[in-house]
1. For residue 82, go through the aspartates and glutamates and keep the ones whose alpha-carbon is under 16 Å away, minus same-chain ones fewer than eight residues off.
2. To the nearest Å, what is the center-to-center distance of region 23-72 and region 168-231, using C-alpha atoms only?
3. Can you list the lysines whose alpha carbon is less than 23 Å from that of residue 27, not counting same-chain residues fewer than 8 positions off?
4. Which semi-axes, in whole Å and largest first, does the equivalent ellipsoid of region 84-208 have when worked out from the alpha carbon gyration tensor as the square roots of 5 times its eigenvalues?
5. Which whole-number percentage describes the relative contact order of region 1-117, with Cα contacts under 8 Å and a sequence gap of 6 or more?
6. Of the listed peptides 147-158, 85-96, 203-214, what is their order by residue-averaged count of other C-beta atoms within 10 Å, with the highest listed first?
7. Leaving out ligands and nucleic acids, and using a 1.4 Å probe, what accessible area per residue does the chain come to in Å²?
8. Could you tell me what fraction of 2.2 N^0.38 Å the Cα radius of gyration of region 52-136 comes to, as a two-decimal ratio?
Amino acid sequence: LVTGNDRDGIGYIASYSYALGEQCAPKAAQLERYIENGGNPKYDLRDRTRYPKPVDACHWFIDSRIAGLSFPRIGDVAGPDKAYGLWMDNLAPQLRLGWRWTRDPRFAAALVRHFARDGESDAEWTAIEEAAAGVGRSPFWSGRSRIVANWFGLIESGWEYDDSRGRRHAMLRVGQGWGHAHHDTLDLQVFAHGLPMTIDGGQRNGYSRPADSITAVHNLVEVDRRNWRGHSWVTALNDQEGARYLAAEATPPRNH
């Protein structure tokens, strides 16, 4: 929970597709029955005050979607053959945990607008529908320019549209991970007209030449034709209409 996951409770795997499964909310869910049957509450990993990461991981599943239901093409299994809205089925269990643990109406709105009732009692589903009714639109459409720590900085516009064809964004890869990480520090991805305009290939080594993991195939600066992966972070973000701005910085490679 502590050393294996970033501040949002997501594993340092550095690949969006793998991160959907490698995160810590299910570990908190495993202790629900223990607590309900009289277990010591100090081990309740749903307590966001003491153990913020499991609950934050539920919010990450909403915040990491961009331009509606698109996903950040970071790491393996993110190539151009992967369609808009892919892996939405992975979100439903996480949204149900988020609603159960926080009663945040954003989770209710996402469940009602994008998924079907699944195992909830009449009373439970009625409560979800009532909470969702107080949310103006799906949380996947109401996200603004933002930073998702260890993953990306995002400038998004076309916010008034509930249609991916009207949304635009520029996404900059920040953070660092390992496992399925690529040499993609400060990779810039652009989305418009419902399609990714610049795209990370997102395959493992051996699938293409040159390999998608190397620096040369990403939309970034390459120095001396050498691979480089280092820590990076957003230093400034402004979301004002007509003056949207994002700046980021990276630790320079010592071996260049």
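1. 200, 212
2. The distance from the Cα centre of region 23-72 to that of region 168-231 comes to 29 Å.
3. Filter leaves 42, 53.
4. After diagonalising the Cα gyration tensor, the semi-axes are 31, 18, 14 Å.
5. With pairs under 8 Å counted, the relative contact order is 24 percent.
6. 147-158, 85-96, 203-214
7. Spelled out: the 1.4 Å probe surface of the chain, per residue, equals 50 Å².
8. 1.16
The values are calculated or read from the model by the stated rules, or taken from the named source; none is laboratory data. The model shown is predicted, which means the values in this text are computed figures rather than measured ones. Cβ atoms come from the backbone with ideal geometry, glycine included; neighbour counts cover every protein chain shown. Note: areas computed on protein heavy atoms with side chains; ligands, DNA, RNA excluded. Shrake-Rupley method; radii C 1.70, N 1.55, O 1.52, S 1.80 Å.
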